[in-house]
1. Could you work out the relative contact order of region B:2-137? I mean the mean sequence separation of Cα pairs under 8 Å and 6+ apart, divided by the number of residues, in percent.
2. Just report the Cα centroid separation between region A:93-153 and region A:1-67, whole Å.
3. Across bins of 10 angstrom width beginning at 0, how are the C-alpha pair distances of chain A distributed, in whole percent?
4. Which three numbers, in whole Å and largest first, are the semi-axes of the equivalent ellipsoid of region B:34-88 derived from its Cα gyration tensor as √(5λ)?
5. Can you give the percent of C-alpha pairs in region B:73-137 whose distance is more than 14 Å?
6. I'd like the projected area of region B:1-55, averaged over all directions, using the convex hull of its alpha carbons. Report it in nm² with one decimal.
7. Once you have the alpha carbon radius of gyration of region A:121-270, what is it after dividing by 2.2 N^0.38 Å, with N set to its residue count?
8. Mean separation of Cα pairs under 8 Å and 6+ residues apart, divided by the residue count of chain A: what relative contact order is that in percent?
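Read-outs: derived from the displayed coordinates by stated rules, not from any lab. Predicted model, so just to flag it, every value in this text is computed and none were measured.
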Amino acid sequence: MRMKDIIIAISLSLFVLATSFIIAIEEHAAIGTTDIRGLGKSYLYYSYNPWYEYLTSFSLNVVTAIIWDYRGFDTFYETCVLLASIVALISLFRGYVEKTGLPLKGLSDIVKTSTKLVMPLIVIYGAITALHGQLTPGGGFQGGAIVSVVTSLVIAIFSLEYVLKAGLSTRKLTLLRTLGVLCIAIIAVTPLIIAALMGVKAYVFQNMAKENSPVSMPRTLLDSSMAGSILFFNLFELIVAFSGLSTALIVLSLREDELREIFTVREHHE
Amino acid sequence: MSDVIVQLALRTSIVAFIVNIAIALYGILSRPSLIKKYMCLLIFTDSINLFAIFLGFRLIRSSYPSPPILSREPETIEDLERFVEIAVDPLPQALTLTAIVIGLATSMFILGLILMYYEHYKTTDIHVGEVEEVEESSE
Amino acid sequence: MATLLLLGQGVLYSLLYFLLMAPDLFITYVPVSVGVVPLLLFLLIKKTERIEQ
């Protein structure tokens, strides 16, 4: 091994000794306590609380209420970060085309038939997880990740031909994704528009009625509780996550013929 | 007696997390292939996310701690207070969810960059790229 | 190879999320670390490997 590797190993082992001494032996961190901090307790207490109508959000799942109602801005910007990374990936591979008609291989027939049976079930399971985000563990991004497993199965077992023949090109998926982010922004601004028409005050990302403003999104859907705007947010997050991850999978699995045009153009420039 | 065992288990798992982080850092800094660096980065982010949730756990003597989800709508306010006494901290879980999504976004971009590096230098070894840049800058 | 060990590690980490009482994270970590990331890694390794003689 070289000198640099030995120095790195020694300094990292000193780091391990020092940090474990501070945390595990001298107990400067709060680990394994019987009580949690006050902020967490107040989120648990006020998340579904019909006796305190101005502080609650009527959703049984506390983590989903934190993500979409109490800290809605963080999740909106996280969605924008995913959009930025996909735009960067597409602009890195600038100049590719998607060709159908190349010879396709794929695995044997038994695997193909059994995959065709399983794929609609996966789509249904992902949609259920996303739409019941306020009642059970789940939510928008979870459903989107499950549905994008379908794309990865089709790329691995059939080949990229079937994905492109089924009409899913990167241009359509990017369009779908931008529309999804736009719809999330529209729902976040809707209480403001309604309040401006009625003449009262309202907040951005507002879910239920607060002290200063009586504008509120609907509370129940048919007979189970729906936490206002959280249902709509989960639905659009499903569309957004599915199209984003599928775009990345398709771009990183392009074949030699389609990529050859980029590289010949680049070598001309150098 | 069971108190001592529980404390010992907690401290050993914390030391295990920190050793994990150190091994992943060593792998990033001193493996010459780009794909191995990416795999060690994946281990690193996994360990840190798990550590953040581990800090929000709660030890109760009488019963098991419950996940931060209500199973049915509470009828009286005492049900809600009993739930607050038992449930695990929900705030680190929400923050870790955002961290996983952002880690996924970074991973996708890094893989695109590795593909471009391979097509230019015909190898995934970083020393080849360093030698060529030093030669170019000294001309 | 190393990617198979990475897959096994991802499954064990998701099991740890379940044991620490975080069902939301468990449901989101299983498709991410078993379905999306290993496929990207396999595609990349297939493209960047040449048979050295």
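1. Values: 77 pairs, mean separation 32.9, N = 136.
Once divided by the residue count of region B:2-137, the mean separation gives 24 percent.
2. Taking the Cα centre of region A:1-67 as reference, the centre of region A:93-153 is 34 Å away.
3. 6, 20, 22, 20, 19, 11, 2, 0
4. 38, 12, 7
5. Values: 1564 of 2080 pairs.
So the pairs more than 14 Å apart make up 75 percent of the total in region B:73-137.
6. Details: hull surface 15.4 nm².
Hull-based average projected area comes out at 3.9 nm².
7. Numbers: Rg = 20.6 Å, N = 150, 2.2 N^0.38 = 14.8 Å.
That ratio works out to 1.39.
8. On the way: 296 pairs, mean separation 61.7, N = 270.
It comes to 23 percent, rounded to a whole number.
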